[in-house]
1. Round to the nearest 10 and give me the degree value, 0 to 90, for the angle of helix 64-75's Cα axis relative to the longest principal axis of the chain.
2. Measure nothing but the geometry: give the 0 to 90° angle between the long axis through the Cα atoms of 3-16 and the longest principal axis through the Cα atoms of the chain, rounded to 10°.
3. Helix 38-51 against the longest principal axis of the chain: what's the angle in degrees, Cα atoms only, rounded to the nearest 10?
4. Binning at 5 Å from 0, report for region 42-169 what percent of all alpha-carbon pair distances ends up in each bin.
5. Probe radius 1.4 Å, ligands and nucleic acids ignored: give me the carbon and sulfur share of the accessible area of the chain as a rounded percent.
6. Name the residue from 7, 122, 177 whose Cα lies farthest towards the positive end of the charge dipole of the chain, charges +1 on Cβ of Lys and Arg and -1 on Cβ of Asp and Glu.
7. Show log10 I(q)/I(0) for region 1-59 at q = 0.15, 0.19 Å⁻¹, two decimals, from a solvent-free Debye sum over equal Cα scatterers.
8. What do you get for Rg/Rh of the chain when both radii come from the Cα atoms and Rh is the Kirkwood radius?
Amino acid sequence: MSSRDVILNRVRRALSGAPPVEESVDRTYLMEHGSRSTEETVDLLAENLADYRAIVHRADAAGLAELLRRLLSERGARSVLVPPGWDASWVEGAGDLVRVEDRAEQTPQELDAVDSVVTGCAVAVAETGTIVLDGSPDQGRRRITLVPDHHICVVRVPGQVASSVPQALRRLVPGRPLTWISGPSATSDIELDRVEGVHGPRTLEVVLLSGGRSARLA
């Protein structure tokens, strides 16, 4: 049965009021392309992130706080938004930086005034250079990573790295608010003039935190 037949059958049943019927899904497609070691998979993630114009850094747990402070200082950030599940001490001490909390009552204008946001992630996909957020406590609400102009995302490697999209999907909960990020926000007009920061952060920095398990960063 083709995909077209499946869709049309679903439409017919919906229009007739008939109860839904369980359908088998062909899952014989490749789960990943090629065979790679764990180190090679992490390197592929870094390569594809950079190819999408994300700025990639590597750190261990001992050096994470210092790296985050340096990135915020070099950016000239005066304020940084911190999700509730994040260890705020990692971004303190960077000059006169003001720490902003993720609050439900924040307006878009308030978020637009925030210079930077630092979050964790749910999973990162090596083959596509994609980071997935799911709204967990170390990531906060979706809007905090869409409005501020600068996003620093920490990925625990190898624990939070999936080789391919099918493997990443197995780790995600469909009912959560998933945000898939491949590089900084960008668009092009008919003449292929690239403009960044249109519907998301203009600058995406990714920290690959070595020795990280799949646990949250809280």
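1. Helix 64-75 and the main axis of the chain meet at about 80 degrees.
2. 80
3. 80
4. All Cα pairs, binned at 5 Å, distribute as 2, 11, 21, 22, 22, 14, 7, 2, 0 percent.
5. 51
6. So the residue furthest toward the plus end is 7.
7. -0.67, -0.77
8. Working: Rg = 19.8 Å, Rh = 18.9 Å.
My calculation puts Rg/Rh at 1.04.
The values are calculated or read from the model by the stated rules, or taken from the named source; none is laboratory data. Since this is a predicted model, take the numbers as computed values, not measurements. When we count neighbours, we look across all protein chains shown, and the Cβ atoms used for this are built from the backbone with ideal geometry, even at glycine. These accessible areas exclude ligands, DNA and RNA; they are computed on the full protein's heavy atoms, side chains included. Shrake-Rupley method; radii C 1.70, N 1.55, O 1.52, S 1.80 Å.
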